[in-house]
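One structure below.
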Amino acid sequence: LEEGLYDLYISVTDGKFSTSTQVHVKITVVSDDLVKNAIIIQLAGATPREFLKTYKSRFIFAMEFFFSVKPNDIVIAGLQKANQRFRRNLKKLALEKSNTKLPDIELLFAVKRSDSSYLPRKVVREKLEMEIDKLQKVIGLKVITIVTDSCTSDTCENGECEEKIMLDDEQEVILFGNTSFVSHHYHHDFQCKCPQCFSGARCDIKVTKCAECKCASFQICITDTFGHGYYCQCPEGTAGPKCDLRLFECLPPLCYTPVSQLTFKGKSYAQYSLYDSMEKHFSFSVWFRTLFQSGTIFYTPGQIDYSILKIKDGSVEFMWELGSGEGKVVITTLKVNDGNWHHLIFGTL
């Protein structure tokens, strides 16, 4: 169902007697954007049922005042008894400080702006921390804590730490009077966003040789299947020097999608026999990529003459002999053993 208000007509019978009634259902979509910007407040002094019956309207009024929004802009996405793990931690603290109260409930909510986007979690949290005394007076409950970001500079060994609110499959159903409130269980956590080729809860495990790679931020790192290292390439569907071209919008030489490519491991080759004379004109075109510093791309032997196209120290080198002495051309301005696709064309005029 889409978000909104729905009217349901329900009829119940036991075969002899029947009764019917109208039920109003309000559905709130807990979107990724909502969860990303939602915060958790832990309160003491009420059960979930008591909060909905007595304190919910006060809480919404306070949020209206603090953020200058309308009542419908305060989205309560979840309500549950306080996390037991958190209560155990606070209980230890309460033994040291007798005036420390334990939270009874956890409230998950977000604040909408006039354009239906959500206020950033950081903005809402900082405002409430400044107005915490006013908030307690208005709602009449003790604010135990506004759950803060648990990320620190050393939380993730590699990568970026991201604060997360995780929704569980289990649901919380709260009944009061002729009204019910249904939401998912949730908990506060963090998640390490690992860079390419790292894994683990703290991004501390190297999974491929790509862990040493220096690919640009717009590229992805692929481990060479032959064990020689890695190569950098554009994400699927993109191409170009900066991976900012869409494949279906651009043409070679910037874009190239290999079809039925051949792979050579160093001791293999492909041989072609030509039966027609190429005395007047000859041209050769090839797309290739490699991580090897040296290798042969093309070789044509004759009784006296020959031509050879090869890679030497990462550069393309072409040598030939047509009966009047050996010739050589070397391209030194570009290294081609970078794992990227290169298009090479040469021939006679």
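The values are calculated or read from the model by the stated rules, or taken from the named source; none is laboratory data. Only a predicted model underlies this, so the values are computations on that prediction, with no experimental measurement involved. Note that each Cβ is placed from the backbone with ideal geometry, even for glycine, and that neighbours are counted across all protein chains shown. Please note that ligands, DNA and RNA were not included when accessible areas were found on the heavy atoms of the full protein model with its side chains. Shrake-Rupley method; radii C 1.70, N 1.55, O 1.52, S 1.80 Å.
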Residues that are of a type in the set (Val, Ile, Thr), in contact (Cβ under 8 Å) with a residue 24 or more places away in the chain and either more than 30 Å from Cys161 (Cα to Cα) or touching a strand residue (DSSP E or B) at 6+ places or on another chain (Cβ under 7 Å) (or both), drawn from segment 9-53: Ile27, Thr28, Val30, Val35, Ile39, Ile40, Ile41, Thr47
Condition (residue is closer than 15 Å to Ile41 by Cα and open to solvent by 30 Å² or more (accessible area, probe 1.4 Å)) applied to segment 111-119: is it met by at least one residue? no
Sort out which residues of segment 311-345 are touching a Ser or Thr at 6+ places or on another chain (Cβ under 9 Å), open to solvent by 40 Å² or more (accessible area, probe 1.4 Å), not in a loop (DSSP other than H, G, I, E, B) and not aliphatic (A, V, I, L, M), and write them in order of number. Lys312, Phe318, Trp320, His343
Condition check for Cys161: out of contact with any Leu (no Cβ under 9 Å at 6 or more places or on another chain), more than 27 Å from Ala46 (Cα to Cα), modelled with pLDDT of 85 or more and not in a loop (DSSP other than H, G, I, E, B): yes
When you look at Val138, is it crowded, with 18+ Cβ neighbours inside 10 Å and not in a loop (DSSP other than H, G, I, E, B), yes or no? no
With the requirement that a residue be at pLDDT 90 or above, open to solvent by less than 70 Å² (accessible area, probe 1.4 Å) and either farther than 17 Å from Leu34 by Cβ or outside any strand (DSSP E or B) (or both), what does segment 67-86 give you? Phe67, Val69, Pro71, Asp73
